[in-house]
Amino acid sequence: MIAYPLFLLAGIVVSFFTWRRLARNDPRLPVIYAAALVCAFAGAKVVYLAAEGWLWWGRPECLMAWLSGKSILGALLGGYAGVEASKKLTGYSKPTGDLFAVIAPLGILLGRMGCLMHGCCQGIVCEPAWFATAGVDGRPRWPSVPAEMIFNAFALIAVLILRSRKLLPGQHFHLYLMACGAFRFLHEFLRDTPRVLGCFSGYQIAALAVFFLGLGGFLKRQAAGHPNRRNGKDAS
């Protein structure tokens with residue numbers, strides 16, 4: 001179905017132009033964005049393969065599943081690594097997380113619209129209810145994709161409020177990572193994904209990694225003190 005790649009492309013395009021508008025004129029910032037994008041795609045593939053891709057081994061659909069499968073949690077982990085590495089290579093020392101805290105939920109929102117139209121990332125089968133959505137098999141399911149879209153919409157609004165009021169500068173992406181990791185860990189119980197450790201899926205391990213990555217970054221920056229805040233400037 002062509003809707004999924006189109007919405008994925010739309011998410012990349014919208015996030016790129018949002019980044020350009022927010023990042024303004026430093027020539028190193030497009031390099032950082034490109035590194036984040038490439039590493040996000042790599043991370044999305046690696047986490048998918050580790051969480052459930054290996055289960056397709058030996059099946060006729062294996063190659064198609066491996067080519068099409070990806071994980072948003074992996075994209076966040078890979079993108080974070082790409083940003084940190086590219087900032088060191090380019091010598092850029094200012095915080096960039098507040099920018100990514102805007103474009104990440106925006107891009108994910110558009111990407112999830114593709115999931116919604118494609119019928120992937122389904123929730124567990126549930127009793128018929130007003131909130132249930134019809135799965136590809138016709139059975140009522142928990143609306144996992146709409147739930148994640150709602151989460152990211154609220155996250156985007158929260159980040160914009162923090163940004164407009166200049167609250168917790170330099171910490172917005174860390175807050176988003178913590179919220180996303182916690183939400184996804186809990187929400188995974190309602191998603192129809194393979195359970196590899198009892199009732200837990202591989203994605204819940206990735207969700208914990210996202211949460212603790214955000215928590216570690218938040219505590220580290222709080223302990224060090226935000227450089228722009230110490231100088232009486234706003235962070236971007």
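The values are calculated or read from the model by the stated rules, or taken from the named source; none is laboratory data. In this text the structure is predicted, and so the values were computed from the model without any measurement. Here the Cβ is made from the backbone with ideal geometry for all residues, glycine too, and neighbour counts use every protein chain on show. Calculation scope for accessible area: heavy atoms of the full protein, side chains included, ligands and nucleic acids excluded. Shrake-Rupley method; radii C 1.70, N 1.55, O 1.52, S 1.80 Å.
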Run the helix sum for the chain: -39,500 (n - 2.57) per DSSP H stretch of 4+ residues, divided by residue count, reported at 222 nm to the nearest 500 deg cm²/dmol. -22500 deg cm²/dmol
Positive-pole candidate from G119, A158, S144, dipole of segment 114-167, charges at beta carbon: A158
Any idea how far apart C121 and L167 come out in nm if each label point goes 7 Å out from Cα toward Cβ? 2.7
If you stretched the chain out fully between L215 and L160, how much longer would it get, using 0.36 nm times the residue separation minus the C-alpha to C-alpha distance? 17.8 nm
Less than 14 Å Cβ to Cβ from I108, Lys/Arg counted +1 and Asp/Glu -1: what total charge do the surrounding residues give? +2
Just to confirm the filter: which trypsin sites (Lys or Arg not before Pro) across segment 137-203 are DSSP coil and have at most 16 other Cβ within 10 angstrom of their Cβ? R165, K166
Which one, G78, G43, W19, is farthest towards the positive end of the dipole of segment 1-85 when Lys and Arg carry +1 and Asp and Glu -1 on their Cβ? W19
Holding the Cα-Cα limit at 19 Å, pick out from K45/K88; K88/K220; K94/K220 the pairs that are longer than that. K45/K88
Give me the number: length gained by fully extending L55 to A132, i.e. 0.36 nm times residue separation minus the C-alpha to C-alpha distance, one decimal in nm. 24.9 nm
Ignoring ligands and nucleic acids, W56 exposes an accessible area, probe 1.4 Å, in Å² to the nearest 10, of 60
Cα-centre dipole for the chain with unit charges at Cβ (Lys and Arg positive, Asp and Glu negative), debye to 20: 1040
From the Cα gyration tensor of the chain, with a ≥ b ≥ c the square roots of its eigenvalues, which class applies: rounded if a/c is under 1.5, or else prolate if a/b is larger than b/c, or else oblate? prolate
Determine which aspartates and glutamates satisfy two conditions relative to K70: a Cα distance under 16 Å, and not lying fewer than 8 residues away in the same chain. E52, E61, E148, E188, D192
So, in Å, what gap is there between the alpha-carbon centers of segment 84-119 and segment 125-173? 17
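With every protein chain left in place, what is the accessible area per residue of segment 63-190 in square angstrom, probe 1.4 Å?
Values: 5990 Å² over 128 residues.
For segment 63-190, the solvent-accessible area averages 47 Å² per residue.
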